[in-house]
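Below is one structure; the comments refer to it alone.
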Amino acid sequence: MTQTRADRSADLTSGPMLQKIILFSIPLAASSILQLLFNAADVVVVGRFAGSTALAAVGSNGSLINLLVNLFVGLSLGANVVAARCFGAKDDHGVQDTVQTSVTLGLVSGVLLAVVGFFAARGLLELMSCPEDVIDLSALYLKIYFIGMPMTMLYNFSSALLRAVGDTKRPLYCLAAAGLINVVLNLVFVIGFSMSVAGVALATIISQTVSACMVTRMLMKEEGALHLDLHHLGFHIGALKQILLIGLPAGLQSTVFSLSNVVIQSAINSFGSTVVAGSSASANLEGFVYTAMNAFSQAAVTFTSQNMGARKYQNLNRVVLNCLLCAIVTGVVLGGGAVLAGTQLLHFYSSDEAVIAAGYERLRVICGTYLLCGIMDTLASSLRGLGYSVLPMVVSLVGSCLLRLVWIATIFQLNRTPFMLYISYPISWVLTAAVHLACLLVVRHKMRQRGQTLQAA
């Protein structure tokens, strides 16, 4: 394989694992945080310059967007795992097939999402019991937002391919450039042209288009197996099958997770626009903590996949333990910091004291226990990297999603308060993480037994 910049920094199978995990994860976390800053800019600008109703309209869409998008984001995770495994095994042909298939899949899924999201927006919001004073603005935001889905998916799949070979820095540069554009356009459209939520959505899709074009251009300029040739876009059956086997269960898990969050959001909507606005602002802040932890769960996927491909099984325990350690420390520091500074941080989103109080009620529950979510996600990602994608899906669906739905149908009905909704999150995280850990221990035990059997033979 021709040595490129990506190739030279891509070996995730040797050397000090903790150092490599941190160096891999920091640009990844920074990229995710920049993406959240896009969203934060949206929320802050509309909250400050378009009012609480517009703030609720933008914020209340998050769970619905995730519901529609997460299936295909899961497929991009499949692309990451397959490409990393092929790269670790030095299978150039496999890497090339994965590149062409992944980019094609990203574009197709983006177009599909754009059509579904545009035409189904209002109907889905009505099913969620979106408040009457918010629904028109929410639907407008969603329709414009989903028009940009092909570019969003293109970025997700293209950046997943770069991450698979250890390159997390260049996607960061792309998002940094796009972030500046997003902030400037937010101010121009909302303040300058008084476009409210329409301006926010338009600024978002323009910035996403910029980041997608930049990262795709990087793939086109790569040499060797990672090179993207637009003339050869298409589905390679072998690569597509492997991507679907890994990515589809992950996507379905995320989708069902989002479904449970939609149910929770529907319950939040029943408390009125003030609670919706406060919850939206808090959720935006929570996202910064989550993405920082999630960088280490993504590292767990990529590192375990490469080491599995390279047959360096002795590294797997170190990878998992180091990723867990990093996720826990991040959750404690950032989650605790968010709780301590919560009221001050929420003032960035709104000057309405009622909105701030409603937001802090959610923030202290979620961020105060967020390390549990980091543990859960890292364990699940480690299982996927080992090639077990269906197992964490089933565990997560039963242990987390089903529990939340049962909680809302039973305990929440006995005490209908926002707190009783929010507390369902940490309870589900604890139970699901415990089962994931048990599954991981069983899988690693079986791998060691299999290895001993092969040696004996």
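The values are calculated or read from the model by the stated rules, or taken from the named source; none is laboratory data. This is a predicted model, so every value here is computed, not measured. All Cβ positions, even for glycine, are placed from backbone atoms using ideal geometry, and neighbour counts span all protein chains on display.
Can Ile328 be described as part of a helix (DSSP H, G or I), surrounded by fewer than 20 Cβ atoms within 10 Å (Cβ to Cβ) and under 19 Å from the mean Cα position of the chain (by Cα)?
On the way: part of a helix (DSSP H, G or I): yes; surrounded by fewer than 20 Cβ atoms within 10 Å (Cβ to Cβ): yes; under 19 Å from the mean Cα position of the chain (by Cα): yes.
The answer is yes for Ile328.
Between Val210, Val275, Val263, Val197, which is part of a helix (DSSP H, G or I), free of Cβ contacts under 8 Å to residues at least 40 places away in the same chain and of a type in the set (Val, Ile, Thr)?
Result of the check over Val210, Val275, Val263, Val197: Val210.
Exactly one of (1) assigned to a loop (DSSP other than H, G, I, E, B); (2) free of Cβ contacts under 8 Å to residues at least 12 places away in the same chain is unmet by Val115. Its number?
Failed condition: (1).
Consider only pairs whose beta carbons are under 8 Å apart and that are at least six residues apart or on different chains; among these, list those whose first residue lies in region 343-356 and is without any contact (Cβ under 8 Å) to a residue 60 or more places away in the chain and whose second residue is surrounded by 15 or more Cβ atoms within 10 Å (Cβ to Cβ) and outside any loop (DSSP other than H, G, I, E, B).
So the pair list comes out as Thr343/Ile356; Thr343/Tyr360; His347/Ile356.
Which of the residues belonging to region 206-224 are crowded, with 20+ Cβ neighbours inside 10 Å and touching a Gly at 6+ places or on another chain (Cβ under 8 Å)?
Once the filter is applied, which keeps residues that are crowded, with 20+ Cβ neighbours inside 10 Å and touching a Gly at 6+ places or on another chain (Cβ under 8 Å), region 206-224 yields Ser207, Gln208.
Yes/no matrix, rows are residues, columns are (1) modelled with pLDDT under 75; (2) crowded, with 22+ Cβ neighbours inside 10 Å; (3) among the β-branched types (Val, Ile, Thr):
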position: Gln19; (1), (2), (3): no, no, no
position: Leu23; (1), (2), (3): no, no, no
position: Gly51; (1), (2), (3): yes, no, no
position: Val81; (1), (2), (3): no, yes, yes
position: Phe87; (1), (2), (3): no, yes, no
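Going by the conditions given, is Glu361 of a type in the set (Asp, Glu), in contact with a helix residue (DSSP H, G or I) (Cβ under 8 Å, 6 or more places away or on another chain), surrounded by fewer than 23 Cβ atoms within 10 Å (Cβ to Cβ) and within 30 Å of Ser52 (Cα to Cα)?
Yes; evaluated as a whole, the condition is true for this residue.
In region 151-170, what residues are surrounded by 22 or more Cβ atoms within 10 Å (Cβ to Cβ), of a type outside the set (A, V, I, L, M, F, W, C) and either part of a helix (DSSP H, G or I) or at pLDDT 90 or above (or both)?
Applying the first criterion (surrounded by 22 or more Cβ atoms within 10 Å (Cβ to Cβ)) to region 151-170 yields 151-168.
From the residues that got through so far, the ones that are of a type outside the set (A, V, I, L, M, F, W, C) too are 152, 155-156, 158-159, 163, 166-168.
Scanning region 151-170 gives Thr152, Tyr155, Asn156, Ser158, Ser159, Arg163.
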